[in-house]
Amino acid sequence: MSSCFETVEELDLRSDGSGKMTLSFNGSESKLKIASLMKMKFVSGYKVPSNQEISNELHNIAAYLRSQPGLSNVQVKQDFSEYIFSISFSFNDIALVNKALEHIWEKYNITAFQAFSYNYNKSAKTFAKTSKVAAEARRAYEKLSDDDKHSLRNAIYTTVYRFDSPIKSTGDAKAKISPSRKALMQQIKFVDALHTAALMQQSVKLQ
Amino acid sequence: MRQILLSIATLFMATAVGAQQSAIPAPKGAQQVLVYQFPEIFRHFAPERLDMSETANSMLRYLLMQNRYYDFEFEFSNSGISSQSPAFSHHLYTDSLEYSCSLIPLEDAEQFKKLIGILPGQQAEDFSGGKLHSLEFGSIAYIPNNQSYAILMGYSGSYKAFNDESRAERWGVSKLWPYSDEETAWPIEVSADSVVALEPPAEALIAADDVIAVAVDATPVEGEQVSDDDMSRVSVEVEDIYAVREKEIDSVCQIWMRQLLESMLKESKDSYARLREWKDIKFPPANALVTGYFDFKAQWLLGPDWVRSLLGVDDIPSASEEWMQFSLLNEPHAVELRMESHVAPSTAKATSRIFGRKLNRKMLHYINVDKDISVGAYAINTRRYLEEVPEIFKTAYATFRDAEEIDLALDLLAIALDEKAIDKLVRGSGVFIFSDIQPKTYTAVKYNWDAENFESTEEEVTQTTSMPEFIYIFDTKDAATVRKILEYGRKREGLSYRDGIYMLDRPGSMEGMELYFTVKKNLVFMATNRKELEQIRAGKRRGKMTCAKRRFLRKHVAAGWFNSKRMAEVITIKNSDDTDLSRIAIKMNLLGPINFSYDRSRTQTQKGRIIIHTDNQDTAAIDYLLHIFEDLKFK
C-alpha cells in the first residue's frame, strides 16, 4: 500500500500484562510536501509547528512518560530529513498505558477527535482495543478543502499487536494473523477510520 | 384629457407599487453585503443547470442560511424564489450580536415557506404588515402580506454578548458566575431547591463552561462524603441552570432581532439605498452576476476574537469610508473578477508614492511568452515604501490599546532604517516566472513488514513527483553588496559556489527542490534550475516578448498572466505519468489565458482585475468555466 503518510501503533504484550509500545509517524513519502508546508506558519487556518516545537513536544511527552511509575525505557526518535518520528516505552501493566495515553490525549486535545484504550484480561486471555472517533474529527475533515482531502486519501493507519501466546480468534476478519499466530496486523486508510470508528476497534482471544 | 391624465396616474401608481414590491428593506450599517443578480444569472443559466452545479447551489444555500436551521435538497426550480429580481445577503456586526439577513424576492410564497420548513397552518405572528415565522435555532422569516419577498434573519455570537455584566443586568440575564473563588466547593452545599427554578435569582446561576469543570472536578471536601446520586443530581441541576440562562439570552436576542427587523421595515430603504451611504460607492455594470461589498471597518477583517482582544479592539466605528467591492462579470468569451477598493486619502497618497516606479525594462529580456507557464511582475519604490510604511501602520494602529508604544517603535524603526541604502540594494522591480514542471526523483523511507512476525524494517525507495520550476528576478543598484551577502552565506556554509552560481545547501528533505542564485547586470536571479542560470550568465537571453505583453506588464503596478494551454502542454509532454496532473492538463487545455493586474490611482480608488478567457464560442463563459471548475475539483 502506497501512502502519503503512515501512522504505526505497535504493541508487544506479554501474558502477565507487561510489554512494550511504539507509536510512529512516517511522513517520508510526502517529505517534499511536508517540507514546503513547514515553511508556512498557517495552512488552511491551522498553525504549522516548527521543527523545534515538534521536537520540544516529543520530549515533553517523553518526560511525562518517564515520570510515570511502571513505565520505563522511554525512547524518542526524530528524523527531520525524512519526517519520521517515534516514541517507544516499556510498561509493567497495560492499564498504565491507558492512563498515560489518556493524559496525552487530553493535553493535546486529541480526545475531541479520537482516542483509544486497551483492555487485557489475564485470566480470560482476552485483549481488546476500544476506539472512538468523535464527530468533531469528521467535521474537521469535511471542512478541509478538496485538495487537502485528496492529499489525505492514501494515509494509512497500521496497528501491530504481538503476543506470547497464539491467537485463538479475532473480532476483525480483515486483520492479518502471522503464521505463528502470535502477531496480528491491521492496515486501514485514515479516511476510512474517520468515518467508521469500528475499523479501529480490535478484539483478540488468546489460547 | 382627463382620461389621459387618469391613465398616466394609474400607470404611475402601478409602477410605484411594482417598485415598492421589488424593493426589499435592508438593515442599516451592514459591513458585508452580497448581491445576487438573479436576472443576469438566469440569463445564462437555466434553473435546472444551477440545481446541478455544486458551486452555484452552495452559494444559494448560503443565501438561504441553510446550515443555520434546516437541511434539505435544494432545487431552485422548486424554491418559490423569483428569478426576476436580485437577492441580497447583509451581515451586520454590532457590539453585541452578529446578524445575518437575507433578502429574497419571491414568486411563490407558499412554495418558499415549504422550502424553509414552515408547515402549512403553522402559527405565525402578525408583524408590521406581514407575518413573522419562527424557524429553528432562533432564526426568523418575515413575509409581507403582499408576499413579494422574504426576509430571513439569524444571529450568532450570543454566547459572548452577555459577558458584559451591566448589559446582562440591564436585560435581566442572570450573572455568569455568582460565586466567589472561595465558595467553589459547592457541589455538596448546593441543593436542588436553591438552584432549579424557572426564574431563578441571578446569584444561583452559573455558566456552561463552568458546568463541565464542576462536574468533572467535583471532589468532596476532606471528611465529607458525596454520593453518586448527589453528583448526578448536581449535574442535572447544572444543566437545568444552563438551559434557563440560554433561554433568557435567546429571548433577549429575539427582542433585538425584532427591533432590527422593525426598524428596517419602518425606514424601508433597499440595499442600494443603504450602499449609497458608503462613501463614493459605484455600482458594477449590468453584466455583474454576483457583487460583494466589504467595509474595511468590519471587525471580522481583523480576524478571530482572540486577535481583536490582543489588540485591545472592542468597538470599531463603521464609517464605511474605506471599503472593497468585488464583482463577477460575464463577458463575451471571458469571466472577469473585478475588485475595487476605496481607501482613506492618506493611504491613497502613500500607495501612490509607493507604486511610483515602472517595471525595470531589463527584466523583460528574461520572460518568454511562449514557454513560460505564468509570469507575475511588480514595481514599487523601495525608498518611498520604507518611508510610508511606518505612517500606514501608525494610522492602522491608532485606535489600538498600545498605540503610543507602537508609534514610538515605528519612529525608532524609521530612524534605524537607511531608506536610501536599502533602496540601492533592492530597487523595487520584481518578476516571478513559473517556467516549467519537471518530474523529480527523491528517496523515501517505507516500512516493510515481515510476514512471519510483522516486525518492520525500513527500506529506501525511489519516488517521483512533479515539481514546479521558477525564476525570481529583482533589481539592484548595489550588486557588490548583494555579492557580499551571498559570500557571507558561503562562509557560513549555508551556500555553496561554482562558476558564478551560488546554491542553497539544504538537508535531505529538500532534495527534490534546489535553489540557485546569481547576479548579472544589476539583476539578482534566484532559480530552481541551474541550467537556466548558467545560460543567463553566458549572456543568452531566454526572453521572447510581444509588444502587447511588454506594455501590459509596464502599464500596471502589478500584473501577470497564466498560460493555461502551455501548462497543459508541459504536463502532457513531461508529466504524463502523474494522473492528477494529467487530469488538470485536459481541463487547462480548454481555457484561454488568465490575466491579472492591479492599478494604483492618485484618487482614493484602487483597482484589480482577473480575466479568465474561456476559449469557447458556444456557451456563456461563466457556464463553461463552472463546468471546468467543478470537473477539476477532486472527488
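Remarks
- Candidates B:Val238, B:Val252, B:Val221: the one that is assigned to a helix (DSSP H, G or I), over 30 Å from B:Thr55 (Cβ atoms), hydrophobic (A, V, I, L, M, F, W, C) and at pLDDT below 85 is B:Val238.
- Among (1) part of a loop (DSSP other than H, G, I, E, B); (2) at pLDDT 80 or above - the single one B:Ile316 does not satisfy: (2)
- Test: residue in the range B:436-456 that is under 25 Å from B:Ala558 (Cβ atoms) and away from chain A (no Cβ under 14 Å): yes
- Selection count, the range A:55-70, where residues are part of a helix (DSSP H, G or I) and surrounded by 16 or more Cβ atoms within 10 Å (Cβ to Cβ): 4
- Among the residues listed as A:Leu194, A:Leu199, A:Leu206, A:Leu184, the single one being buried (at least 18 other Cβ atoms within 10 Å of the Cβ), more than 28 Å from A:Ile61 (Cα to Cα) and not small (Gly, Ala, Ser): A:Leu206
- Failed item, numbered, when B:Glu514 is tested on (1) within 14 Å of chain A (Cβ to nearest Cβ); (2) assigned to a strand (DSSP E or B): (2)
- Residue check, A:Ala155 crowded, with 17+ Cβ neighbours inside 10 Å, in contact with a Cys (Cβ under 6 Å, 6 or more places away or on another chain) and under 19 Å from A:Glu10 (Cα atoms): yes
- Any hit, the range B:415-434, residues being touching an Asp or Glu at 6+ places or on another chain (Cβ under 9 Å), crowded, with 19+ Cβ neighbours inside 10 Å and within 14 Å of another protein chain (Cβ to nearest Cβ): no
- Flag for A:Phe85 being within 15 Å of A:Val8 (Cβ to Cβ), in contact with a Leu (Cβ under 8 Å, 6 or more places away or on another chain) and either away from chain B (no Cβ under 14 Å) or exposed (fewer than 15 other Cβ atoms within 10 Å of the Cβ) (or both): no
- Selected residue (only one of B:Gly560, B:Gly539, B:Gly592 is in a loop (DSSP other than H, G, I, E, B), surrounded by 13 or more Cβ atoms within 10 Å (Cβ to Cβ) and either among the hydroxyl-bearing types (Ser, Thr, Tyr) or away from chain A (no Cβ under 14 Å) (or both)): B:Gly592
- Looking only at the range A:164-198, and only at residues there that are within 13 Å of chain B (Cβ to nearest Cβ) and among the hydroxyl-bearing types (Ser, Thr, Tyr), the one that is nearest to the chain's Cα centre (by Cα): A:Ser178
- Among the residues of the range A:5-41, those identified as free of Cβ contacts under 8 Å to residues at least 40 places away in the same chain and more than 11 Å from chain B (Cβ to nearest Cβ) are A:Leu37, A:Met40, A:Lys41.
- Set side by side, the residues A:Ser123, A:Ser117, A:Ser131 differ, and just one is more than 26 Å from B:Asp580 (Cβ to Cβ), among the polar types (S, T, N, Q), part of a strand (DSSP E or B) and free of Cβ contacts under 8 Å to residues at least 60 places away in the same chain, which is A:Ser117.
- Cβ-Cβ distances below 9 Å connect the following pairs, each with a first residue in the range B:408-422 that is closer than 14 Å to B:Val389 by Cα and of a type outside the set (A, V, I, L, M), a second residue that is assigned to a helix (DSSP H, G or I) and at pLDDT below 70, and a separation of six or more residues or different chains: B:Asp411/B:Lys394.
- Within the range B:566-595, the residues that satisfy the criterion of being touching a residue at least 40 places away in the same chain (Cβ under 8 Å) and not acidic (Asp, Glu) are B:Arg566, B:Met567, B:Val570, B:Ile571, B:Lys574, B:Asn575, B:Leu581, B:Arg583, B:Ile584, B:Lys587, B:Gly592, B:Asn595.
- Where A:Leu96 falls short, out of the listed (1) outside any strand (DSSP E or B); (2) in contact with a strand residue (DSSP E or B) (Cβ under 8 Å, 6 or more places away or on another chain); (3) more than 15 Å from A:Asp12 (Cα to Cα): (3)
Residue by residue, here is whether (1) in contact (Cβ under 8 Å) with a residue 60 or more places away in the chain; (2) charged (D, E, K, R); (3) in contact with a helix residue (DSSP H, G or I) (Cβ under 8 Å, 6 or more places away or on another chain); (4) closer than 19 Å to B:Ile536 by Cα holds:
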site	(1), (2), (3), (4)
B:Ala348	yes, no, no, no
B:Ser352	yes, no, no, no
B:Phe355	yes, no, no, no
B:Lys358	yes, yes, yes, no
B:Leu364	yes, no, yes, yes
B:Asn368	yes, no, no, yes
B:Arg384	no, yes, yes, no
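- Residue match in the range B:564-576 (condition: crowded, with 18+ Cβ neighbours inside 10 Å, among the basic types (Lys, Arg) and not in a loop (DSSP other than H, G, I, E, B)): yes
- When each of B:Thr464, B:Thr546, B:Thr476 is tested for being within 14 Å of chain A (Cβ to nearest Cβ) and among the polar types (S, T, N, Q), the lone residue that passes is B:Thr464.
- Beta carbons closer than 9 Å, at least 6 apart along the sequence or on distinct chains, pair a first residue in the range A:147-160 that is at the interface with chain B (Cβ under 8 Å from one of its Cβ atoms) with a second that is of a type in the set (Phe, Trp, Tyr) for A:Asp147/B:Phe634; A:Lys149/A:Tyr141; A:Lys149/B:Phe634; A:His150/B:Phe634; A:Thr158/B:Tyr447; A:Thr158/B:Trp449; A:Val160/B:Trp449; A:Val160/B:Phe454.
The values are calculated or read from the model by the stated rules, or taken from the named source; none is laboratory data. All of these numbers come straight from a predicted model, not from anything done at the bench. Glycine also receives a Cβ, built like all others from the backbone with ideal geometry; neighbour counts cover every protein chain displayed.
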